[in-house]
Amino acid sequence: MTIAPEEDRLNAQIAFAVEIDKLKRIIRRNHLMDGSRRENTAEHSWYVGTLAMILGEHAPPGTDLQRVVAMLLVHDLVEIDAGDTFIYDLVEVAAQAGAERAAADRIFGLLPADQGQWLRELWDEFEERKTPEARFAKALDRFSPILANHLTEGGTWPLFKVKAAQVREKVRIIEEGSPSLGAYALELVELSVARGHLSE
């Protein structure tokens, strides 16, 4: 039996849809803001995508927010293969880039070529942080765990002995994408230090 090209295309799209469901199994180190459990990566992607819509007025003028949302929805799909990387673990971070590129090749390669190329370009743009959209997307990606840790009495910071200077370094990435969100994040860091939830 001959399979029509449109059926091949649909089958590839469904295979991708089934594959990305695995993102729900990837558990991050951050906790939900009520402290009840750790979040999974699919929840994180949904959350930061929604933040892009709500906090879009804090993006640079002219930022394409639809592109930002799309970028945030796909930015962590590579964790299906590469796992979640703790940004304060230098050994994990050093191994991250190669593992994530290989994951992007495989996962986006499941799609029809045009769609796979589109999503891969979004992923590459996010990683390179050369556009206002990518810098704003990365800012939201970094802002979310700082907010969560602040609201959970330090969350992962004391658990992994993260210091304030390390968190302030991540705030710089937020500032690059959104000066106002960067300033807010820095206030959260200083409040967390003052309350004893983050060590100097």
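The values are calculated or read from the model by the stated rules, or taken from the named source; none is laboratory data. This one's a predicted model, so the numbers in the text were calculated from it and none came from an experiment. Cβ sites come from the backbone with ideal geometry, for glycine too, and all protein chains shown count toward neighbours. Note: accessible area is taken over every heavy atom of the protein model, side chains too, but ligands, DNA and RNA are not part of it. Shrake-Rupley method; radii C 1.70, N 1.55, O 1.52, S 1.80 Å.
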> Filtering segment 66-83 down to residues that are touching a residue at least 40 places away in the same chain (Cβ under 8 Å) and hydrophobic (A, V, I, L, M, F, W, C), which residue is farthest from residue 136 (Cα to Cα)?
Replying inline: 80
>> Which residue is farthest from residue 81 (Cα to Cα), if the candidates are limited to segment 30-44 and must be open to solvent by less than 20 Å² (accessible area, probe 1.4 Å) and assigned to a helix (DSSP H, G or I)?
In response: 44
>> Pull out all pairs, ordered by first then second residue, where Cβ-Cβ is under 7 Å, the residues are six or more apart or on different chains, the first lies in segment 89-112 and is assigned to a helix (DSSP H, G or I), and the second is at pLDDT 85 or above and exposed (fewer than 13 other Cβ atoms within 10 Å of the Cβ).
In response: none
>> Yes or no: segment 158-168 includes at least one residue that is open to solvent by less than 30 Å² (accessible area, probe 1.4 Å), more than 30 Å from residue 15 (Cα to Cα), at pLDDT below 95 and in a loop (DSSP other than H, G, I, E, B).
In response: yes
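Yes or no, residue by residue, for (1) aliphatic (A, V, I, L, M); (2) free of Cβ contacts under 8 Å to residues at least 24 places away in the same chain; (3) in contact with a helix residue (DSSP H, G or I) (Cβ under 6 Å, 6 or more places away or on another chain); (4) open to solvent by 10 Å² or more (accessible area, probe 1.4 Å):
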| residue | (1), (2), (3), (4) |
| --- | --- |
| 133 | no, no, yes, yes |
| 141 | no, no, yes, yes |
| 153 | no, no, no, yes |
| 179 | no, yes, no, yes |
| 191 | yes, no, no, yes |
>> Taking the condition of being open to solvent by less than 20 Å² (accessible area, probe 1.4 Å), out of contact with any Phe, Trp or Tyr (no Cβ under 9 Å at 6 or more places or on another chain) and β-branched (Val, Ile, Thr), how many residues in segment 45-76 meet it?
In response: 0
> Taking segment 55-82 as the region of interest, how many residues are closer than 16 Å to residue 22 by Cβ and either out of contact with any helix residue (DSSP H, G or I) (no Cβ under 8 Å at 6 or more places or on another chain) or assigned to a helix (DSSP H, G or I) (or both)?
Replying inline: 6
>> I'm told residue 86 meets every condition in (1) open to solvent by 40 Å² or more (accessible area, probe 1.4 Å); (2) in contact (Cβ under 8 Å) with a residue 40 or more places away in the chain; (3) assigned to a loop (DSSP other than H, G, I, E, B) except one. Can you identify the failing condition by its number?
In response: (1)
> Could we say that residue 188 is modelled with pLDDT of 95 or more, under 16 Å from the mean Cα position of the chain (by Cα) and of a type in the set (A, V, I, L, M) here?
Replying inline: no
